[in-house]
Amino acid sequence: MTSSPPSLEGVLRRLLIPVYFPVVAGTLGLALLIPVLPLYLTRSDLPLGTTSIVLAAIGAGATLGGLPAGALITRFGERSVLIGALAGISVTSALLGVSDAALVLIGLRLGTGASNIGLRLSRQTYITRRIDAVARGRSMSMIGGSFRVSLFIGPLIGGVLAETIGFTWTFIVAGGLSAFGLIPALVPDSLAPKPATPEPIVGRGRTGFFSAINQHWRLLSAAGVVPMLTMAVREGRYVVVPLIGNELGLSVAQVGVLVAVGTFADLALFPVAGYVMDRFGRLAAMIPSFTLIAFGLVVLALAQTTAAAIGAGVIMGVGNGLSSGSMLTLGSDLAPRSDPAPFLAAIAVIQDVGKIIGPLVVGFVGAAFGLSASAAVLAALMLTVVLWLLTIVGETSAAHPRPARSATIARAASQEARCPP
């Protein structure tokens, strides 16, 4: 490991096959369903509250799946967890069309969420153990960028497929696309960078979610609010945008375009996010990003026309692109170097609670006060994140020329260093 940051091209070359390709392929099927599933549920005559519960189930699954995920990575290895996660995403997505019963749909989405956190954590752990802090922001932002490639292409394909071949076959295609992620996962990778820290011995891992909570509760309680509320807003955005598009009279394909327009702006900026995080610090990327997302949600709340909704989507996309990979980077900055997987699993569980909160906010606030009110509440949550970052978390990059961790985070880290497990 050298002290100077590797070039962006070098990071891409070394991580393309083991990290970014599986992420793109594995999440493409999920992205197809962003405009499709909310409209499928609505057109199945499910109430908005029930629809929001089905959509929130993926977050509940991620939260439950995160409990053993870190220990599973330690025990069985990153590659084994990756393979199991991709298989789970594929099967649970393909089966969504077998029934429109709420309990069945909730069960499948729980499985999707549990599998999705395995995919994310296996790749986050992979990078945390191999890439130094001076390039970690760029490496993690490219995971975020990989998600965004899927999020741009997927809604366009999903909307067209739903209109041409129907919802059931669209779910099957989504599962098949996710299965493509297994191809690079099953091929040994000779270009992969060597770990900077020894990998825990497979089969002997005893560190799990609850022991990580016990050891790191100070850091997790101080920093966990940021990923939890950020994920709530991001997931809520993917629910409220299609539903507002539906209110404006758009077809499924047009809703897919509406989602994709914002995602394109998001996708174009992920390299900028990584550069800013590594060069100027994590806050330099996150504060402008989250402020723009909040502003875009306010514009969406006030939107009366398709053009206004598109404008709101672009604003949110620009904002979200500026923070690509920021939550992954935040977790990696705070994780212990020796065995990061359990800590990353713990903070991922906290983060994925937001996947439950976001759709529920949209569903229940929307049912009571209208979808515009849901967008406004999401904007308020995003501004809360901005204030929390500035007052509680501070700068987390160890490579920043003027590290500025808040007293809360610094004190928590110091106390944990004096109290080993």
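Yes or no: Leu283 of a type in the set (A, V, I, L, M), touching a strand residue (DSSP E or B) at 6+ places or on another chain (Cβ under 8 Å) and under 19 Å from Leu229 (Cα atoms)? Before the answer, list the steps.
On the way: of a type in the set (A, V, I, L, M): yes; touching a strand residue (DSSP E or B) at 6+ places or on another chain (Cβ under 8 Å): yes; under 19 Å from Leu229 (Cα atoms): yes.
Here the answer is yes, as Leu283 does meet what is asked.
Out of Leu292, Leu297, report the one residue that is surrounded by 18 or more Cβ atoms within 10 Å (Cβ to Cβ), touching a helix residue (DSSP H, G or I) at 6+ places or on another chain (Cβ under 6 Å) and over 25 Å from Thr42 (Cα atoms). Walk me through it before giving the result.
Numbers: Leu297 fails: over 25 Å from Thr42 (Cα atoms).
One residue alone meets the criteria, Leu292.
Could you tell me whether Ala162 is under 26 Å from the mean Cα position of the chain (by Cα), at pLDDT below 55 and either buried (at least 20 other Cβ atoms within 10 Å of the Cβ) or in a loop (DSSP other than H, G, I, E, B) (or both)? Before the answer, list the steps.
Values: under 26 Å from the mean Cα position of the chain (by Cα): yes; at pLDDT below 55: no; either buried (at least 20 other Cβ atoms within 10 Å of the Cβ) or in a loop (DSSP other than H, G, I, E, B) (or both): yes.
Judged against the criteria, Ala162 is not a match.
Listed by first and then second residue, the pairs linking a residue in the range 170-187 that is part of a helix (DSSP H, G or I) to a residue that is among the aromatic types (Phe, Trp, Tyr), with Cβ atoms under 9 Å apart and 6 or more places separating them unless they lie on different chains, are Thr170/Tyr40; Phe171/Tyr40; Ile183/Phe21; Pro184/Phe21; Ala185/Phe21.
Identify all residues within the range 91-104 that are more than 23 Å from Val349 (Cβ to Cβ) and assigned to a helix (DSSP H, G or I); write none if there are none. Ala94, Leu95, Leu96, Gly97, Val98, Ala102, Leu103, Val104 - these are the residues of the range 91-104 that are more than 23 Å from Val349 (Cβ to Cβ) and assigned to a helix (DSSP H, G or I).
Let's see how each residue does on (1) hydrophobic (A, V, I, L, M, F, W, C); (2) without any contact (Cβ under 8 Å) to a residue 60 or more places away in the chain; (3) on the phi > 0 side of the Ramachandran plot; (4) not in a helix (DSSP H, G or I):
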| residue | (1), (2), (3), (4) |
| --- | --- |
| Gly84 | no, yes, no, no |
| Ala114 | yes, yes, no, no |
| Ile117 | yes, no, no, no |
| Ala135 | yes, no, no, no |
| Ser150 | no, no, no, no |
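Can you tell me which residue is surrounded by the most Cβ atoms within 10 Å (Cβ to Cβ) among those in the range 85-102 that are more than 16 Å from the chain's Cα centre (by Cα) and within 14 Å of Ala185 (Cβ to Cβ)?
So the residue we want is Ser90.
Restricting attention to the range 90-107, does a residue exist that is among the hydrophobic types (A, V, I, L, M, F, W, C), within 28 Å of Asn214 (Cβ to Cβ) and touching a residue at least 24 places away in the same chain (Cβ under 8 Å)?
Applying the first criterion (among the hydrophobic types (A, V, I, L, M, F, W, C)) to the range 90-107 yields 91, 94-96, 98, 101-106.
Subsequent filtering for residues that are within 28 Å of Asn214 (Cβ to Cβ) retains none.
Looking for residues that are among the hydrophobic types (A, V, I, L, M, F, W, C), within 28 Å of Asn214 (Cβ to Cβ) and touching a residue at least 24 places away in the same chain (Cβ under 8 Å), one finds none in the range 90-107, hence no.
For every residue, the table says whether it meets (1) crowded, with 19+ Cβ neighbours inside 10 Å; (2) at pLDDT 80 or above; (3) over 25 Å from Ala273 (Cβ atoms); (4) of a type in the set (D, E, K, R).
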{"position": "Leu344", "(1), (2), (3), (4)": "yes, yes, no, no"}
{"position": "Ile350", "(1), (2), (3), (4)": "yes, yes, no, no"}
{"position": "Val365", "(1), (2), (3), (4)": "yes, yes, yes, no"}
{"position": "Ala398", "(1), (2), (3), (4)": "no, no, no, no"}
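Checked against the criterion of being under 18 Å from the mean Cα position of the chain (by Cα), among the aliphatic types (A, V, I, L, M) and buried (at least 20 other Cβ atoms within 10 Å of the Cβ), the candidates Leu105, Leu82 yield just one match: Leu82.
Restricted to the range 227-264, and to residues there that are outside any helix (DSSP H, G or I) and touching a residue at least 40 places away in the same chain (Cβ under 8 Å), the residue that is farthest from Trp388 (Cα to Cα) is Ser251. Of all the residues in the range 298-352, those that are in a helix (DSSP H, G or I), among the polar types (S, T, N, Q) and either under 17 Å from the mean Cα position of the chain (by Cα) or at positive phi (or both) number 5.
The number of residues in the range 1-42 that are crowded, with 20+ Cβ neighbours inside 10 Å and at pLDDT 75 or above comes to 24.
Give the residue, chosen from Thr51, Thr128, that is in contact with a Ser or Thr (Cβ under 9 Å, 6 or more places away or on another chain), within 18 Å of Ile347 (Cβ to Cβ) and of a type in the set (Ser, Thr, Tyr). It would help to see each step written out before you state the result.
On the way: Thr51 fails: within 18 Å of Ile347 (Cβ to Cβ).
Answer to the check: Thr128.
The values are calculated or read from the model by the stated rules, or taken from the named source; none is laboratory data. Because the structure is predicted, anything quoted here is derived from the model rather than measured. With ideal geometry, Cβ positions are generated from the backbone for all residues, glycine too; neighbour counts draw on all protein chains shown.
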